[in-house]
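The values are calculated or read from the model by the stated rules, or taken from the named source; none is laboratory data. As the structure is a computational prediction, the values presented were derived from the model and not from experiment. Neighbour counts are summed over all protein chains in view; Cβ atoms, including those assigned to glycine, are modelled from backbone coordinates with ideal geometry. The protein model used for the area step is the full one, side chains on, heavy atoms only, and it has no ligands, DNA or RNA in it. Shrake-Rupley method; radii C 1.70, N 1.55, O 1.52, S 1.80 Å.
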Amino acid sequence: MSTIAVEKSGSFRAGEMIRQFSIVLVFLLIVAFFSVASPYFMSWPNWLNLVRQSSINGILAIGVTFVILTKGIDLSVGSVMAIAGMIAASLVTETNEHFVLIGILAGLAVGAGLGLVNGVLVAAIKVPPFVVTLGMLSVARGLTLIFSQGSPIPNLSDAYKWIGSGQVMYLPVPIIILFLVFIVGWVVLNYTTFGRYVYAVGGNEKAARTSGISTKMIVGATYVISGLLAGMAGLVLTARTTAALPQAGIGYELDAIAAVVIGGTSLAGGRGSLLGTLIGALIIGTINNGMDLMGVSSYYQQVLKGTIIVVAVIADQIRK
């Protein structure tokens with residue numbers, strides 16, 4: 001490796017460390033603000049609830065991070081999680097309580113399958129990601145309504161509900177799932193050839209293709225990962241609410257993208273980390289939780305989240 005390359009690599013790592021530190025600092029400032037604003041904010045039950053609420057968005061955001069690292073976008077994750085949860089719930093009602101594993105696998109397969117459709121359309125047919133995933137958002141939501149006839153599926157089996165409300169050593173299962181997903185995703189991105197290719201394709205797709213990387217395969221695979229994790233998030237959400245709701249997941253795509261962008265992943269591709277995404281999801285969860293405790297209307301929360309996304313994108317542009 002040349003001296004110039006080493007210097008650039010060192011500068012990149014230093015820049016990434018500064019970016020991560022600034023995200024943590026923002027998170028701590030938000031925590032300090034709500035600690036003063038509400039006497040209930042720093043209690044252990046509230047923090048447990050905060051992290052549990054953030055776990056669904058965190059799982060979604062980890063999948064979306066893979067896509068955005070390749071300079072793509074996935075607007076369909078909210079609807080994909082709804083149809084995946086609906087399919088799983090239909091197989092794990094109290095009358096079908098032995099079908100838990102089949103229901104889980106079916107939900108994950110639906111998520112990965114819809115992600116594969118997104119990936120093929122984006123990578124092989126070269127349809128813009130925004131158009132493809134916006135279309136999938138509508139298609140998946142329509143399929144959810146058709147499948148459920150607009151009605152919820154209640155009476156899920158206790159074994160299935162454990163995914164959303166169970167505990168292991170006093171730790172909620174959704175948090176454990178988020179932790180496992182993060183560890184696997186972090187290892188894949190940082191210690192596998194596939195992870196290096198994801199960064200390479202996002203950084204310079206033409207150069208990556210010239211180097212012999214199958215860019216279509218890499219880009220397509222990131223959408224499959226995003227769909228798979230959307231399916232997993234749908235399973236957790238359905239189990240936590242103890243029913244599959246046709247309107248589940250509406251607006252979750254916004255929260256997932258916000259977590260990724262706030263976490264420092266560039267919409268231009270090639271730069272970012274899952275640790276930043278995890279902190280971004282916690283920032284979104286903390287803002288939601290803190291504003292709920294303060295009695296702030298959800299309407300204002302939407303305005304604030306939209307503003308944060310715009311500010312984060314502007315900050316990314318300034319860094320470039």
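For the stretch 28-40, filtered to residues that are part of a helix (DSSP H, G or I) and among the small types (Gly, Ala, Ser), the residue that is farthest from Val296 (Cα to Cα) is Ala32.
If we scan the stretch 143-161, do we find a residue that is out of contact with any Ser or Thr (no Cβ under 9 Å at 6 or more places or on another chain), among the hydrophobic types (A, V, I, L, M, F, W, C) and buried (at least 18 other Cβ atoms within 10 Å of the Cβ)? Within the stretch 143-161, not a single residue is out of contact with any Ser or Thr (no Cβ under 9 Å at 6 or more places or on another chain), among the hydrophobic types (A, V, I, L, M, F, W, C) and buried (at least 18 other Cβ atoms within 10 Å of the Cβ). Give just the number: which of (1) of a type in the set (Val, Ile, Thr); (2) over 30 Å from Ala200 (Cβ atoms); (3) open to solvent by less than 50 Å² (accessible area, probe 1.4 Å) does Thr95 not satisfy? Of the numbered conditions (1) of a type in the set (Val, Ile, Thr); (2) over 30 Å from Ala200 (Cβ atoms); (3) open to solvent by less than 50 Å² (accessible area, probe 1.4 Å), the odd one out for Thr95 is (3).
Among the residues of this structure, Val181 counts as one that is closer than 30 Å to Pro128 by Cβ, modelled with pLDDT of 95 or more and among the hydrophobic types (A, V, I, L, M, F, W, C). Set side by side, the residues Gly111, Gly115 differ, and just one is closer than 18 Å to Phe66 by Cα, touching a Ser or Thr at 6+ places or on another chain (Cβ under 7 Å) and surrounded by 14 or more Cβ atoms within 10 Å (Cβ to Cβ), which is Gly115. Residues in the stretch 161-176 that are assigned to a helix (DSSP H, G or I) and either within 19 Å of the chain's Cα centre (by Cα) or under 14 Å from Gln53 (Cα atoms) (or both): Ile163, Gly164, Ser165, Val173, Pro174, Ile175, Ile176.
Quick check, is Tyr197 open to solvent by 70 Å² or more (accessible area, probe 1.4 Å) and either of a type outside the set (Val, Ile, Thr) or outside any loop (DSSP other than H, G, I, E, B) (or both)?
Values: open to solvent by 70 Å² or more (accessible area, probe 1.4 Å): yes; either of a type outside the set (Val, Ile, Thr) or outside any loop (DSSP other than H, G, I, E, B) (or both): yes.
For Tyr197, the condition - open to solvent by 70 Å² or more (accessible area, probe 1.4 Å) and either of a type outside the set (Val, Ile, Thr) or outside any loop (DSSP other than H, G, I, E, B) (or both) - is met.
Output the helices (runs of 4 or more DSSP H) that fall wholly within the stretch 41-128 and possess 1 or more residues being touching a strand residue (DSSP E or B) at 6+ places or on another chain (Cβ under 8 Å), or say none. Helices (runs of 4 or more DSSP H) meeting the threshold: 44-69, 77-91.
The condition (being hydroxyl-bearing (Ser, Thr, Tyr), within 24 Å of the chain's Cα centre (by Cα) and at pLDDT 90 or above) is satisfied by just one residue among Ser54, Ser35: Ser54.
Just checking, how many residues over the stretch 70-92 are open to solvent by 40 Å² or more (accessible area, probe 1.4 Å) and closer than 15 Å to Asn118 by Cα? The qualifying residues number 1. Annotation note: Cβ proximity below 8 Å between a residue of the stretch 152-169 that is within 18 Å of Met232 (Cα to Cα) and a residue that is part of a loop (DSSP other than H, G, I, E, B) and open to solvent by 60 Å² or more (accessible area, probe 1.4 Å) (sequence gap 6+ or interchain) occurs for Leu156/Thr242; Lys161/Thr242; Gly164/Thr242; Ser165/Thr242. Scanning the stretch 20-63 for residues that are β-branched (Val, Ile, Thr), open to solvent by less than 50 Å² (accessible area, probe 1.4 Å) and more than 20 Å from Thr241 (Cα to Cα) turns up Ile23, Ile30, Val31, Ile62.
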